[in-house]
Amino acid sequence: MAEIVQHRIEERIPELEQLERVGLFTKKEVKSIVKKATALEYKLHRLIVNKEDFVAYIQYEINVLELTKKRRAHIHYQFKKEEIEFPVIHRINSVFRRATNKWKDDVQLWLSHVAFCKKWATKGQISKVFSAMLAIHPDKPGLWIMAAKSELEDRNSSESARHLFLRALRFHPDSKKVFQEYFRMELLHCEKLRKQKSELEKAEMDLSEYEFSPEILSGKLAEVVYREAMGKIKDAEFVISLLTIAAIFDFTKELQDFILQDLQLNYTADSLTWDFMAKRELEAPGAGEELQTAKGRASDINRREERCCQVYEEGVKSLEAEPMWSCYTAFCLERLKRKTNVEELKEKRQQRLLGVLQRAHDSSLLKEDYYKNWLQILLSTGDAEGASGVAMAAARRYSQSAAVWSLSLQTLMELGSGDVGRLFQEALTHVNPKESLPLWQLQVQWSAAGQSAEDTESVFQRGLLSTVAVVAMAIKESYLDWSYATGGYKKARKTFTSLQENRPLSKTFFTRMIEIEKEQETPRMSGLRDYYERALQEFGTSDEDLWLQYIQEELGPVGQPENCGKIHWRAMKFLEGPSVESFTSKYTLMQTGHL
């Protein structure tokens, strides 16, 4: 091993001598490089090597390259790169190859090699790296796309990029992303050829020496890719994505028309088709004279939106389904959210949205999320009766949704409805008990704010009977807070005493009672001990923080410090698993005043 390392170091001597001779590094720095490189080389030639050693070696060599580059710029010396940088770059590539051969599955290592090749102008090496990587990882479409893009952008070879995409499609014949990028590549190639032809024509050069096929220049290769894709993937969203890519290029009108015709002919059963066709109406050209004034512009926008709505109307007639109504509603909502100073346009948008919401609801095809928007609009316009009706209708339509019931009940509470109490009971019978916590919390909030103490007490008692642990624990915490707020310390203590044996219990329930005790003018240490002891019965085996808080309490003004040792001994005995080590560390920090 020593002989190999020595040989590697000796290979560096010419470049190191050049570094010192031209003044980029001092003699001392060169010695330091040799010392560090020797240590790194030894690590690479051990019997058992680590990936981290290879990474550290590569990083060190790159750092030397970066420093050399900076010093060249500083002293304005740009000669002898073949003798200084090139051997280093060659060595890094060699180490990368050794690493990727050993850890073939590490994609990040491969990509790091690619990034290095791009940065240090070894673009001829990139193709070899990608070729080796794709032989190991042909199952990753993203890598094929990266390789093809590299051929097109870094090596300016559309032929190699096309070849890679065709190979990728053999492995991934149904990959939307591969088809999209292949389609884009052909259009980029076409655009490049058109620019070349245009520049040659401007220079008045003879075009007969060059091959500019009219079919290729008009985007026929991209059309071939599109036809191939349509044979494999039948999806409106995918067709729209290809049409969007084609629209980026200014020479693809025929291709766009072809794709659009295919979309309208074969994909009308998909709501996305109608949504796309409707939104295209917004891009239609407007009357130039009207656009001079704000009202004229608003009138033009309104006309475009009306045309969009006509397409949506055709869509909902042809496709009576929730996704279609959702697209229509989303469009109207998005237009309403756009800012405008013309009140008339704002009013029309609002009325249009309310009409669509009502019709979708009447068809029982309005999505759950849109009821919230509907209620917000009705409340903002002061339509209390309408909001109340929609709230009730939403709850009936999605009777098992806790979110819809919460929204509807909040609306009815805001409007001061007298049916809220009854509706809470109805909601809890329909909603899955495991999802009912928001409803219980809302009912407690409503009852505490406006109902009698007896009624609120009754709500808490019903909540305590819940078979869902998270509900029962949350109700106990709220009950304790409400008791303290309405009846003071004595009532809170009475509530705590009545509930402390009623499992399940949460840590918050105990810590809240401890806070209440400490808020009193003269806190009772005996009471605090009772609360801590009861909490430790429940959580003493896993919660080291509770033991530490107990110790801190005894160290406080009303505590007895001599009890701390006993509590510490009990904590070490009761705690289990990693909690013991955590407790020991935190206790040491607390003793030294760092916690």
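The values are calculated or read from the model by the stated rules, or taken from the named source; none is laboratory data. The model shown is predicted, which means the values in this text are computed figures rather than measured ones. Cβ placement follows ideal geometry from the backbone for every residue including glycine, while neighbour counts extend to all protein chains displayed. Accessible surface is based on the protein model in full, side chains and every heavy atom, while ligands, DNA and RNA are left aside. Shrake-Rupley method; radii C 1.70, N 1.55, O 1.52, S 1.80 Å.
Mind listing just one residue for me: the one in region 12-45 that is open to solvent by 70 Å² or more (accessible area, probe 1.4 Å) and in contact (Cβ under 8 Å) with a residue 40 or more places away in the chain and, of those, farthest from the chain's Cα centre (by Cα)? Walk me through how you get there before you give the answer.
Narrowing region 12-45 to residues open to solvent by 70 Å² or more (accessible area, probe 1.4 Å): 13-14, 17, 20-21, 26-28, 31, 35-36, 42-43.
Still in the list and also in contact (Cβ under 8 Å) with a residue 40 or more places away in the chain: 14, 42.
On the way: P14: 51, Y42: 43 Å.
Across region 12-45, the extreme among qualifying residues is P14.
Going residue by residue through region 513-536, is there one that turns out to be under 37 Å from the mean Cα position of the chain (by Cα) and in contact (Cβ under 8 Å) with a residue 12 or more places away in the chain? Give the steps one after another, and end with the answer.
Our first condition is that a residue be under 37 Å from the mean Cα position of the chain (by Cα); within region 513-536, this holds for none.
No; the residues of region 513-536 include none that is under 37 Å from the mean Cα position of the chain (by Cα) and in contact (Cβ under 8 Å) with a residue 12 or more places away in the chain.
Can you give me the number of residues within region 549-594 that are open to solvent by 50 Å² or more (accessible area, probe 1.4 Å), outside any helix (DSSP H, G or I) and touching a residue at least 12 places away in the same chain (Cβ under 8 Å)?
4
In region 499-515, is there at least one residue being in contact with an Asp or Glu (Cβ under 9 Å, 6 or more places away or on another chain) and more than 29 Å from W482 (Cα to Cα)?
no
So, in region 156-177, how many residues would count as being without any contact (Cβ under 8 Å) to a residue 60 or more places away in the chain and part of a helix (DSSP H, G or I)? Give the derivation first.
Narrowing region 156-177 to residues without any contact (Cβ under 8 Å) to a residue 60 or more places away in the chain: 156-175, 177.
Right, trim to part of a helix (DSSP H, G or I) and you get 158-171, 177.
The total comes to 15.
Check I48, I89, I58 and return the single one that is within 18 Å of V114 (Cβ to Cβ), among the aliphatic types (A, V, I, L, M) and either open to solvent by 50 Å² or more (accessible area, probe 1.4 Å) or within 37 Å of the chain's Cα centre (by Cα) (or both).
I58
Quick check on my filter: what residues within region 59-88 are hydrophobic (A, V, I, L, M, F, W, C) and assigned to a helix (DSSP H, G or I)?
Pass one, region 59-88, residues hydrophobic (A, V, I, L, M, F, W, C): 62, 64-65, 67, 73, 75, 79, 84, 86, 88.
Answer for region 59-88, where residues must be hydrophobic (A, V, I, L, M, F, W, C) and assigned to a helix (DSSP H, G or I): I62, V64, L65, L67, A73, I75, I84, F86, V88.
Is there a residue in region 138-161 that is among the basic types (K, R) and either over 31 Å from the mean Cα position of the chain (by Cα) or closer than 23 Å to R12 by Cβ (or both)?
Yes: one or more hits.
Would you confirm, using the coordinates I've provided, whether T252 is open to solvent by less than 30 Å² (accessible area, probe 1.4 Å), under 30 Å from L217 (Cα atoms) and either more than 33 Å from the chain's Cα centre (by Cα) or not small (G, A, S) (or both)?
Spelling it out, T252 is indeed open to solvent by less than 30 Å² (accessible area, probe 1.4 Å), under 30 Å from L217 (Cα atoms) and either more than 33 Å from the chain's Cα centre (by Cα) or not small (G, A, S) (or both).
Yes/no per residue for (1) modelled with pLDDT of 95 or more; (2) open to solvent by 40 Å² or more (accessible area, probe 1.4 Å); (3) under 21 Å from K177 (Cα atoms):
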| site | (1), (2), (3) |
| --- | --- |
| V107 | no, no, yes |
| S112 | no, yes, no |
| A115 | no, yes, no |
| K118 | no, yes, no |
| T122 | no, no, no |
| Q125 | no, no, no |
| K128 | no, yes, no |
| W144 | yes, no, yes |
| E151 | no, no, yes |
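Which residue, of A485, A474, is surrounded by 19 or more Cβ atoms within 10 Å (Cβ to Cβ), assigned to a helix (DSSP H, G or I) and among the small types (G, A, S)?
Answer to the selection: A474.
Contact list please: Cβ distance under 8 Å, first residue in region 111-122 and within 18 Å of L67 (Cα to Cα), second residue among the β-branched types (V, I, T) and open to solvent by 60 Å² or more (accessible area, probe 1.4 Å), pairs at least six apart or on different chains.
none
Does region 539-548 contain any residue that is under 17 Å from E477 (Cα atoms) and part of a helix (DSSP H, G or I)?
Yes, the conditions are met somewhere in region 539-548.
Answer yes or no as to whether A453 is in contact (Cβ under 8 Å) with a residue 24 or more places away in the chain, aliphatic (A, V, I, L, M), more than 12 Å from G421 (Cα to Cα) and surrounded by 15 or more Cβ atoms within 10 Å (Cβ to Cβ). I'd like the intermediate steps shown before the answer.
Details: in contact (Cβ under 8 Å) with a residue 24 or more places away in the chain: yes; aliphatic (A, V, I, L, M): yes; more than 12 Å from G421 (Cα to Cα): yes; surrounded by 15 or more Cβ atoms within 10 Å (Cβ to Cβ): no.
Spelling it out, it is not the case that A453 is in contact (Cβ under 8 Å) with a residue 24 or more places away in the chain, aliphatic (A, V, I, L, M), more than 12 Å from G421 (Cα to Cα) and surrounded by 15 or more Cβ atoms within 10 Å (Cβ to Cβ).
Filter region 255-275 down to the residues that are under 15 Å from K220 (Cα atoms) and in contact (Cβ under 8 Å) with a residue 24 or more places away in the chain, then identify the one that is most open to solvent (accessible area, probe 1.4 Å).
Filtering first and then ranking leaves F258.
Tell me, yes or no, whether region 341-349 has at least one residue that is within 22 Å of K317 (Cα to Cα), buried (at least 16 other Cβ atoms within 10 Å of the Cβ) and in contact with a helix residue (DSSP H, G or I) (Cβ under 8 Å, 6 or more places away or on another chain). Full working, then the answer.
If we filter region 341-349 for residues that are within 22 Å of K317 (Cα to Cα), which is where we start, we get 349.
Okay, now just the ones that are also buried (at least 16 other Cβ atoms within 10 Å of the Cβ), so 349.
Those still in the list that are in contact with a helix residue (DSSP H, G or I) (Cβ under 8 Å, 6 or more places away or on another chain) too: 349.
The answer is yes; a qualifying residue exists.
Any residue at all in region 340-358 that is outside any helix (DSSP H, G or I) and charged (D, E, K, R)?
Within region 340-358, the first condition is being outside any helix (DSSP H, G or I), and the residues that meet it are 340-342.
Imposing the further condition that a residue be charged (D, E, K, R) reduces the set to none.
Checking region 340-358: not a single residue is outside any helix (DSSP H, G or I) and charged (D, E, K, R).
Could you please tell me which pairs satisfy a Cβ distance under 8 Å, a separation of 6+ or placement on different chains, a first residue in region 123-136 that is polar (S, T, N, Q), and a second residue that is surrounded by fewer than 20 Cβ atoms within 10 Å (Cβ to Cβ)?
Close Cβ pairs (under 8 Å, with a partner that is surrounded by fewer than 20 Cβ atoms within 10 Å (Cβ to Cβ)) amount to Q125/N93; S127/R155; S127/S160.
What are the residues in region 195-218 that are open to solvent by less than 90 Å² (accessible area, probe 1.4 Å), assigned to a helix (DSSP H, G or I), at pLDDT 70 or above and farther than 19 Å from E159 by Cβ, if any?
S198, L200
Looking at the structure I just gave you, is Y587 aromatic (F, W, Y), more than 15 Å from F496 (Cα to Cα) and out of contact with any Lys or Arg (no Cβ under 9 Å at 6 or more places or on another chain)?
For Y587, the condition - aromatic (F, W, Y), more than 15 Å from F496 (Cα to Cα) and out of contact with any Lys or Arg (no Cβ under 9 Å at 6 or more places or on another chain) - is met.
If a residue has to be of a type outside the set (A, V, I, L, M), assigned to a helix (DSSP H, G or I) and buried (at least 16 other Cβ atoms within 10 Å of the Cβ) to count, how many in region 490-502 make the cut?
Within region 490-502, residues that are of a type outside the set (A, V, I, L, M), assigned to a helix (DSSP H, G or I) and buried (at least 16 other Cβ atoms within 10 Å of the Cβ) number 3.
Within region 153-190, how many residues are open to solvent by 10 Å² or more (accessible area, probe 1.4 Å) and farther than 21 Å from A115 by Cα?
Counting residues in region 153-190 that are open to solvent by 10 Å² or more (accessible area, probe 1.4 Å) and farther than 21 Å from A115 by Cα gives 19.
Please indicate, with yes or no, whether at least one residue in region 504-515 is among the acidic types (D, E), within 20 Å of Y550 (Cα to Cα) and either modelled with pLDDT of 90 or more or out of contact with any helix residue (DSSP H, G or I) (no Cβ under 9 Å at 6 or more places or on another chain) (or both). Talk me through it step by step, then tell me what you get.
Step one: list which residues in region 504-515 are among the acidic types (D, E), which gives 515.
Right, trim to within 20 Å of Y550 (Cα to Cα) and you get 515.
Now drop any that are not either modelled with pLDDT of 90 or more or out of contact with any helix residue (DSSP H, G or I) (no Cβ under 9 Å at 6 or more places or on another chain) (or both), which leaves 515.
Yes, because at least one residue in region 504-515 is among the acidic types (D, E), within 20 Å of Y550 (Cα to Cα) and either modelled with pLDDT of 90 or more or out of contact with any helix residue (DSSP H, G or I) (no Cβ under 9 Å at 6 or more places or on another chain) (or both).
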